[in-house]
1. Mind putting a number on the dipole of segment 2-219 about its Cα centre? Charges go on the C-beta only, +1 for Lys and Arg and -1 for Asp and Glu, and I need it in Debye to the nearest 20.
2. Want the number for residue 195 to residue 219: 0.36 nm per residue separation, take away the alpha-carbon distance, what's left?
3. In straight Cα distance, which aspartates and glutamates are under 19 Å from residue 74, not counting same-chain residues fewer than 8 positions off?
4. Where the centroid of each part is defined by its Cα atoms, how far is segment 224-288 from segment 62-103 in Å?
5. Please give the direction-averaged projected area of the C-alpha convex hull for segment 76-210, in square nanometres with one decimal.
6. Using only the alpha-carbon atoms, how far is helix 272-284 inclined from the longest principal axis of the chain? Give it as 0 to 90 degrees, nearest 10.
7. Give the angle, between 0 and 90 degrees and rounded to the nearest 10, that separates the Cα long axis of helix 190-203 from the longest principal axis of the Cα atoms of the chain.
8. Quickly work out the residue 163-to-residue 121 label distance, labels modelled 7 Å from Cα along the C-beta direction, and quote it in nm with one decimal.
Amino acid sequence: MKTLKLFLSLFCASTFVTVTAQNNVTIKTIPVSNSVYMLVGQGGNIGVSVGDDGVFVIDDQFARLTPKILDAIKKLSDKSIQYVVNTHYHGDHTGGNANMKKEGAKIIAHDNVYKRLAEGNTTEGLPVITFNDKLSVYMNGEQVLVFHVDNAHTDGDAMLYFTESNVLHTGDNYFHKRYPYIDVNSGGSIDGYIDAVKRALMVIDENTKIIPGHGDLSNKAEYASFLEMLKKLRANVQAEIDKGKTEADIVANTTITKEYDDLNYSWNFINSEKIRRAIYVSLSGKEN
Ligand SMILES: [Zn+2]
């Protein structure tokens, strides 16, 4: 069963890669605060903090993009990369780990990220510092809170909050204006995902800039409406389960997601069928 689960998660990750691997990737740098930037390339959005203490990085996309990512970082700072925090184990967030370690960076991640990367036979890209609940990194004039949220996108998610810059990086507990990927085969769940968003919303304020795992730079009001979407879809799926509907019924029932389908939340990786299935599987306690 473990092997099957690993296969499925690798399969999902590779599907995600092939969907977007065709085009020639450029790394876009978006200023977020005086010292924090968002880098957009292919895969999960990267966060970068620069300052006197060096460079602090959140996620590192794919190995083949490392040279381009390093070029983009060098334009922001001539200092070395001290730490890379992985928000979770998926390959579009950790693929550059081994390269970053060669640059001298120490990789930090949740205990379960270490476990899952180790199961995937990665040795060079393994984190060197792991944590269970939370940790703080004091760098570039501020405290960076790194906190774990349980069984949300996966079972090893971290969110990061820059206390002075007032910037939140959500990892994949936020897909901006899109249906989220809830990786139920890697310990993710709809209820954990909802709780993760609620917890993040308690940490931030109206002026916080949010770097989502995927999609555009965002803010608290938009994140709150994303939470509303999750709660509505959960309630709609639960109502169908209560009526005795099956997985097939729910996957086929477009009225469950219509409101957000009409707002184009459905996208190539997580279309409306997939989000209905993921929520059903999560609520019924049945793994794929
Ligand atoms: Zn992910």
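Laboratory data are not the source of any read-out in this text; all were calculated from the coordinates shown. Every value quoted in this text rests on a predicted model; they were computed, and no experiment measured them. All Cβ positions, glycine included, derive from the backbone under ideal geometry; neighbour counts span all protein chains shown.
1. On the way: 19 positive and 24 negative charges, 116 e Å.
That gives segment 2-219 a dipole magnitude of about 560 debye.
2. Details: separation 24, 0.36 × 24 = 8.64 nm, distance 1.79 nm.
Separation in residues times 0.36 nm, less the Cα-Cα distance, equals 6.9 nm.
3. 52, 53, 59, 60, 103
4. Spelled out, the Cα-based centre of one part sits 35 Å from the other.
5. Working: hull surface 34.0 nm².
Spelled out: convex hull of the Cα atoms, projected over all directions, averaged, 8.5 nm².
6. The helix 272-284 is inclined about 80 degrees to the chain.
7. It works out to around 40 degrees.
8. The two pseudo-label positions are separated by 4.3 nm.
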